[in-house]
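Comments concern the structure below.
The values are calculated or read from the model by the stated rules, or taken from the named source; none is laboratory data. What you see is a predicted model; the values in this text were computed from it and never measured. A quick note on method: Cβ atoms are made from the backbone with ideal geometry, for glycine too, and the neighbour counts reach across all protein chains shown. Ligands, DNA and RNA are excluded from the accessible area calculation, which covers all protein heavy atoms including side chains. Shrake-Rupley method; radii C 1.70, N 1.55, O 1.52, S 1.80 Å.
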Amino acid sequence: MRIIFLGTAAAEGYPGIFCNCTHCNEARALGGKNIRFRSAALVNNDLLIDFGPDLLAAAMRFNLNLSSVTTGLVTHAHSDHFYTSNFEMRSGSFTNHQTIPMLRLYGPTEVQQQLEKEFPNLTDFRTEPHTVHAFDRWTSGGYTFQAFHAHHALGDLEALFYSVEKDEHAFLYATDTGAFPEDTWQALMGKTFDVIILEETLGDGKYDQHMGFESFLEHADKMRSLGMLRPGGRFIAHHMSHSNNPVHEKIEAILNPHGVEVAFDGMEIVL
(Lines give C-alpha, C1' and ligand atoms only; values in the text may rest on other atoms or scores of the structure.)
Protein backbone atom coordinates (compact mmCIF):
# COMPACT_ATOMS: atom_id res chain seq x y z
CA MET A 1 0.00 0.00 0.00
CA ARG A 2 1.04 3.55 -0.72
CA ILE A 3 -0.24 6.31 1.57
CA ILE A 4 0.11 10.02 0.81
CA PHE A 5 -0.85 12.67 3.35
CA LEU A 6 -2.96 15.28 1.54
CA GLY A 7 -3.22 17.37 4.70
CA THR A 8 -1.92 17.16 8.26
CA ALA A 9 -3.55 20.10 10.08
CA ALA A 10 -6.45 20.46 12.47
CA ALA A 11 -9.66 22.38 11.70
CA GLU A 12 -8.13 25.83 11.11
CA GLY A 13 -5.22 24.73 8.93
CA TYR A 14 -1.66 25.75 9.71
CA PRO A 15 -1.08 28.67 9.57
CA GLY A 16 -4.60 29.84 10.39
CA ILE A 17 -5.86 32.25 7.74
CA PHE A 18 -6.90 34.89 10.27
CA CYS A 19 -4.25 34.17 12.90
CA ASN A 20 -1.27 36.35 13.76
CA CYS A 21 0.25 34.19 16.49
CA THR A 22 3.96 33.42 16.73
CA HIS A 23 3.52 29.88 15.37
CA CYS A 24 1.52 30.98 12.34
CA ASN A 25 3.89 33.81 11.49
CA GLU A 26 6.89 31.49 11.78
CA ALA A 27 5.17 28.90 9.55
CA ARG A 28 4.48 31.55 6.89
CA ALA A 29 8.09 32.68 6.97
CA LEU A 30 9.53 29.17 6.78
CA GLY A 31 7.03 27.62 4.34
CA GLY A 32 7.68 24.03 3.20
CA LYS A 33 6.59 21.38 5.68
CA ASN A 34 5.10 24.05 7.94
CA ILE A 35 2.20 24.74 5.55
CA ARG A 36 -0.53 22.25 6.38
CA PHE A 37 -3.94 21.64 4.78
CA ARG A 38 -6.79 20.08 6.74
CA SER A 39 -6.17 16.36 7.32
CA ALA A 40 -6.86 13.75 4.66
CA ALA A 41 -5.00 10.76 3.20
CA LEU A 42 -5.01 8.94 -0.13
CA VAL A 43 -4.22 5.23 -0.33
CA ASN A 44 -3.23 3.58 -3.64
CA ASN A 45 -5.16 6.20 -5.65
CA ASP A 46 -8.44 4.36 -4.95
CA LEU A 47 -9.09 4.90 -1.22
CA LEU A 48 -9.57 8.35 0.33
CA ILE A 49 -9.79 9.02 4.05
CA ASP A 50 -11.78 12.20 4.80
CA PHE A 51 -13.17 14.73 2.34
CA GLY A 52 -12.46 18.14 3.85
CA PRO A 53 -12.47 21.67 2.42
CA ASP A 54 -8.86 21.50 1.18
CA LEU A 55 -9.36 18.48 -1.08
CA LEU A 56 -9.34 20.50 -4.32
CA ALA A 57 -6.24 22.44 -3.29
CA ALA A 58 -4.43 19.26 -2.23
CA ALA A 59 -5.23 17.50 -5.52
CA MET A 60 -3.79 20.46 -7.40
CA ARG A 61 -0.78 20.81 -5.09
CA PHE A 62 0.24 17.17 -5.57
CA ASN A 63 -0.96 16.78 -9.18
CA LEU A 64 -3.52 14.10 -8.34
CA ASN A 65 -6.55 12.91 -10.26
CA LEU A 66 -9.04 11.61 -7.69
CA SER A 67 -11.48 10.19 -10.25
CA SER A 68 -10.12 6.68 -9.55
CA VAL A 69 -11.20 6.78 -5.90
CA THR A 70 -13.82 4.06 -5.43
CA THR A 71 -13.84 3.76 -1.62
CA GLY A 72 -14.03 6.56 0.93
CA LEU A 73 -13.86 6.66 4.72
CA VAL A 74 -15.16 9.60 6.73
CA THR A 75 -14.08 9.82 10.36
CA HIS A 76 -16.88 12.18 11.41
CA ALA A 77 -19.11 14.93 10.08
CA HIS A 78 -17.20 18.00 11.28
CA SER A 79 -16.62 20.21 8.23
CA ASP A 80 -12.82 19.97 8.28
CA HIS A 81 -13.19 16.23 7.60
CA PHE A 82 -16.47 16.13 5.67
CA TYR A 83 -17.21 19.02 3.31
CA THR A 84 -20.31 18.12 1.32
CA SER A 85 -19.62 20.52 -1.56
CA ASN A 86 -16.89 18.08 -2.68
CA PHE A 87 -19.59 15.63 -3.72
CA GLU A 88 -21.42 18.17 -5.88
CA MET A 89 -18.30 18.18 -8.06
CA ARG A 90 -18.98 14.52 -8.93
CA SER A 91 -22.10 15.38 -10.94
CA GLY A 92 -22.29 15.31 -14.73
CA SER A 93 -22.24 19.11 -14.71
CA PHE A 94 -18.64 19.11 -13.51
CA THR A 95 -17.17 15.82 -14.77
CA ASN A 96 -17.04 13.46 -17.69
CA HIS A 97 -19.76 11.65 -15.78
CA GLN A 98 -19.85 8.32 -17.58
CA THR A 99 -16.20 7.54 -16.85
CA ILE A 100 -16.33 8.10 -13.09
CA PRO A 101 -16.76 4.92 -11.03
CA MET A 102 -19.26 4.76 -8.20
CA LEU A 103 -17.78 5.94 -4.87
CA ARG A 104 -18.69 3.71 -1.93
CA LEU A 105 -18.54 6.02 1.08
CA TYR A 106 -18.42 4.73 4.66
CA GLY A 107 -18.89 6.82 7.78
CA PRO A 108 -21.05 7.46 10.86
CA THR A 109 -24.80 8.10 10.67
CA GLU A 110 -24.49 11.86 10.21
CA VAL A 111 -22.46 11.45 7.01
CA GLN A 112 -25.19 9.59 5.16
CA GLN A 113 -27.88 11.86 6.63
CA GLN A 114 -26.15 15.03 5.46
CA LEU A 115 -25.50 13.69 1.97
CA GLU A 116 -29.05 12.46 1.45
CA LYS A 117 -30.47 15.74 2.71
CA GLU A 118 -28.30 17.83 0.39
CA PHE A 119 -28.34 15.50 -2.63
CA PRO A 120 -31.66 13.60 -2.81
CA ASN A 121 -30.50 11.50 -5.76
CA LEU A 122 -26.94 10.50 -4.93
CA THR A 123 -26.71 8.25 -7.98
CA ASP A 124 -26.43 11.43 -10.03
CA PHE A 125 -23.30 12.21 -8.02
CA ARG A 126 -21.88 8.69 -8.39
CA THR A 127 -21.87 8.27 -4.62
CA GLU A 128 -23.20 5.36 -2.58
CA PRO A 129 -23.17 6.09 1.18
CA HIS A 130 -23.03 3.39 3.84
CA THR A 131 -23.40 3.94 7.57
CA VAL A 132 -20.96 2.16 9.87
CA HIS A 133 -20.53 2.22 13.62
CA ALA A 134 -17.79 1.50 16.09
CA PHE A 135 -16.38 -2.04 15.81
CA ASP A 136 -18.08 -2.84 12.50
CA ARG A 137 -15.80 -4.76 10.14
CA TRP A 138 -16.31 -4.91 6.36
CA THR A 139 -14.55 -5.16 3.00
CA SER A 140 -14.58 -2.85 -0.01
CA GLY A 141 -12.32 -2.42 -3.01
CA GLY A 142 -9.95 -5.17 -1.90
CA TYR A 143 -9.47 -3.63 1.58
CA THR A 144 -10.69 -4.82 4.96
CA PHE A 145 -11.72 -2.11 7.40
CA GLN A 146 -12.67 -1.90 11.04
CA ALA A 147 -14.13 1.15 12.77
CA PHE A 148 -13.24 2.15 16.32
CA HIS A 149 -14.91 4.41 18.84
CA ALA A 150 -13.18 7.81 19.09
CA HIS A 151 -13.48 10.07 22.15
CA HIS A 152 -14.53 13.17 20.23
CA ALA A 153 -17.60 15.33 19.50
CA LEU A 154 -19.29 13.86 22.57
CA GLY A 155 -23.02 14.54 22.72
CA ASP A 156 -22.87 16.01 19.22
CA LEU A 157 -22.19 13.24 16.70
CA GLU A 158 -20.40 9.91 16.32
CA ALA A 159 -16.68 10.01 15.63
CA LEU A 160 -14.72 7.01 14.41
CA PHE A 161 -11.23 6.01 13.39
CA TYR A 162 -10.21 3.09 11.23
CA SER A 163 -7.84 0.22 10.62
CA VAL A 164 -7.10 -0.61 6.98
CA GLU A 165 -5.80 -4.00 5.81
CA LYS A 166 -4.78 -5.20 2.37
CA ASP A 167 -2.92 -8.44 1.70
CA GLU A 168 -0.34 -8.78 4.50
CA HIS A 169 -0.18 -5.08 5.39
CA ALA A 170 -2.20 -3.02 7.85
CA PHE A 171 -2.25 0.51 9.23
CA LEU A 172 -4.26 2.43 11.82
CA TYR A 173 -5.49 5.96 11.05
CA ALA A 174 -6.69 7.69 14.22
CA THR A 175 -7.59 11.35 14.11
CA ASP A 176 -9.85 13.51 16.29
CA THR A 177 -9.81 11.34 19.35
CA GLY A 178 -8.77 12.00 22.87
CA ALA A 179 -7.81 9.11 25.13
CA PHE A 180 -9.00 5.86 23.59
CA PRO A 181 -12.15 4.55 25.32
CA GLU A 182 -11.81 1.21 27.07
CA ASP A 183 -14.01 -0.56 24.51
CA THR A 184 -11.64 0.62 21.78
CA TRP A 185 -8.59 -0.67 23.63
CA GLN A 186 -10.34 -4.03 23.99
CA ALA A 187 -11.16 -4.15 20.27
CA LEU A 188 -7.54 -3.35 19.38
CA MET A 189 -6.11 -6.16 21.50
CA GLY A 190 -4.19 -8.66 19.39
CA LYS A 191 -4.09 -6.42 16.32
CA THR A 192 -0.76 -5.38 14.79
CA PHE A 193 0.11 -2.67 12.30
CA ASP A 194 2.93 -1.69 9.99
CA VAL A 195 2.10 1.96 10.60
CA ILE A 196 0.15 3.71 13.36
CA ILE A 197 -0.96 7.24 12.42
CA LEU A 198 -2.19 9.08 15.50
CA GLU A 199 -3.42 12.62 16.06
CA GLU A 200 -1.20 15.06 17.96
CA THR A 201 -3.47 18.07 17.80
CA LEU A 202 -2.66 20.06 20.91
CA GLY A 203 1.10 20.15 21.45
CA ASP A 204 1.59 21.31 25.03
CA GLY A 205 -2.11 22.18 25.39
CA LYS A 206 -4.78 19.96 26.92
CA TYR A 207 -8.37 19.11 25.99
CA ASP A 208 -9.90 15.71 26.68
CA GLN A 209 -11.25 15.20 23.15
CA HIS A 210 -7.88 15.66 21.45
CA MET A 211 -4.31 14.54 22.16
CA GLY A 212 -1.26 16.67 22.88
CA PHE A 213 2.37 15.67 23.39
CA GLU A 214 1.79 14.04 26.77
CA SER A 215 -1.26 11.93 25.91
CA PHE A 216 0.13 11.09 22.46
CA LEU A 217 3.33 9.65 23.94
CA GLU A 218 1.36 7.79 26.60
CA HIS A 219 -0.71 6.12 23.87
CA ALA A 220 2.37 5.39 21.77
CA ASP A 221 4.10 3.73 24.73
CA LYS A 222 1.03 1.65 25.58
CA MET A 223 0.51 0.52 21.99
CA ARG A 224 4.14 -0.51 21.72
CA SER A 225 3.98 -2.35 25.04
CA LEU A 226 0.94 -4.26 23.81
CA GLY A 227 2.82 -5.31 20.67
CA MET A 228 0.58 -3.38 18.26
CA LEU A 229 3.49 -2.04 16.19
CA ARG A 230 5.09 -4.70 14.02
CA PRO A 231 8.89 -5.08 13.85
CA GLY A 232 10.25 -2.22 11.79
CA GLY A 233 6.88 -0.45 12.01
CA ARG A 234 6.46 3.31 12.06
CA PHE A 235 4.64 5.59 14.49
CA ILE A 236 3.52 8.87 12.91
CA ALA A 237 2.00 12.02 14.42
CA HIS A 238 -0.43 14.16 12.41
CA HIS A 239 -3.43 16.55 12.68
CA MET A 240 -1.58 19.52 14.19
CA SER A 241 -3.23 22.69 15.44
CA HIS A 242 -1.17 25.89 15.42
CA SER A 243 -2.44 26.91 18.86
CA ASN A 244 -0.04 24.84 20.98
CA ASN A 245 2.09 23.07 18.37
CA PRO A 246 5.26 24.81 17.16
CA VAL A 247 6.56 24.55 13.60
CA HIS A 248 7.52 21.22 12.04
CA GLU A 249 11.20 20.96 13.03
CA LYS A 250 10.40 21.86 16.64
CA ILE A 251 7.74 19.13 16.82
CA GLU A 252 10.30 16.70 15.39
CA ALA A 253 12.77 17.72 18.10
CA ILE A 254 10.20 16.73 20.72
CA LEU A 255 8.85 13.52 19.16
CA ASN A 256 11.73 12.03 17.12
CA PRO A 257 13.68 11.00 20.26
CA HIS A 258 10.66 8.84 21.17
CA GLY A 259 10.75 7.03 17.83
CA VAL A 260 7.90 9.07 16.38
CA GLU A 261 7.90 10.63 12.92
CA VAL A 262 6.00 13.85 12.21
CA ALA A 263 3.78 13.86 9.14
CA PHE A 264 3.78 16.70 6.64
CA ASP A 265 1.65 17.42 3.59
CA GLY A 266 2.85 15.31 0.69
CA MET A 267 4.62 12.75 2.88
CA GLU A 268 4.42 9.28 1.35
CA ILE A 269 4.55 5.88 3.02
CA VAL A 270 4.95 2.62 1.11
CA LEU A 271 4.10 -0.65 2.84
Amide H contacts of residue 75 (H built 1.01 Å from N, under 5 Å, at least 5 apart or other chain) | 50
With the contact rule set at Cα under 8 Å and sequence spacing of 6 or more, what percent relative contact order holds for the stretch 176-270?
-> 30
Karplus-derived 3J(HN,Hα), 6.51/-1.76/1.60, for each residue of the stretch 161-168, Hz, glycine and proline x | 9, 9, 9, 10, 10, 8, 6, 9
Solvent exposure ordering (accessible area, 1.4 Å, most first) of 30, 271 | 30, 271
Give a residue-ordered list of calculated ³J(HN,Hα) values for the stretch 38-44 (Karplus: 6.51 cos²θ - 1.76 cosθ + 1.60, θ = phi - 60°; whole Hz; x for Gly, Pro).
-> 4, 5, 6, 9, 10, 10, 6
Classify the stretch 178-236 as rounded, prolate or oblate from the Cα gyration tensor: take a ≥ b ≥ c as the square roots of its eigenvalues, call it rounded if a/c is under 1.5, otherwise prolate when a/b beats b/c and oblate if not.
-> oblate
MRE, 222 nm, helices only [DSSP H, n ≥ 4, -39500 (n - 2.57), over the chain, to nearest 500] = -6000 deg cm²/dmol
Leaving out ligands, DNA and RNA, what percent of the accessible area of the stretch 7-155 is carbon and sulfur, probe 1.4 Å?
-> 52
When all alpha-carbon pairs of the chain are counted, what percent fall beyond 25 Å?
-> 42
Amide H contacts under 5 Å for residue 193, restricted to residues at least 5 apart in sequence or on another chain and with H modeled in the peptide plane, are 229, 230
Within the set 256, 45, 65, GNM on the chain using Cα springs under 10 Å gives the largest fluctuation to 65
Determine ³J(HN,Hα), in whole Hz, for all residues of the stretch 199-210 in sequence, where each value follows from phi through the Karplus function 6.51 cos²θ - 1.76 cosθ + 1.60 and θ = phi - 60°; x replaces Gly and Pro.
-> 5, 9, 6, 9, x, 8, x, 9, 6, 5, 9, 9
Pick out, in residue order, every one of the chymotrypsin sites (Phe, Trp or Tyr not before Pro) in the stretch 201-253 that is DSSP loop and has at most 15 other C-beta atoms within 10 Å; say none if there are none.
-> 207
Jot down the per residue volume, in cubic angstrom and as a whole number, of the convex hull over the alpha-carbon atoms of the stretch 1-88.
-> 101
Quick one: go through the stretch 228-249 and flag any residue whose amide nitrogen is under 18 Å from the point 7 Å out along the Cα-to-Cβ line of residue 2.
-> none
Excluding residues fewer than 8 positions from residue 250 in its own chain, the aspartates and glutamates with Cα under 19 Å of it are 26, 199, 200, 204, 214, 261, 265
Accessible solvent surface per residue of the chain, calculated while the other protein chains remain in place, 1.4 angstrom probe, Å² | 41
Order 139, 84, 192, most accessible first, counting only protein heavy atoms with a 1.4 angstrom probe.
-> 139, 192, 84
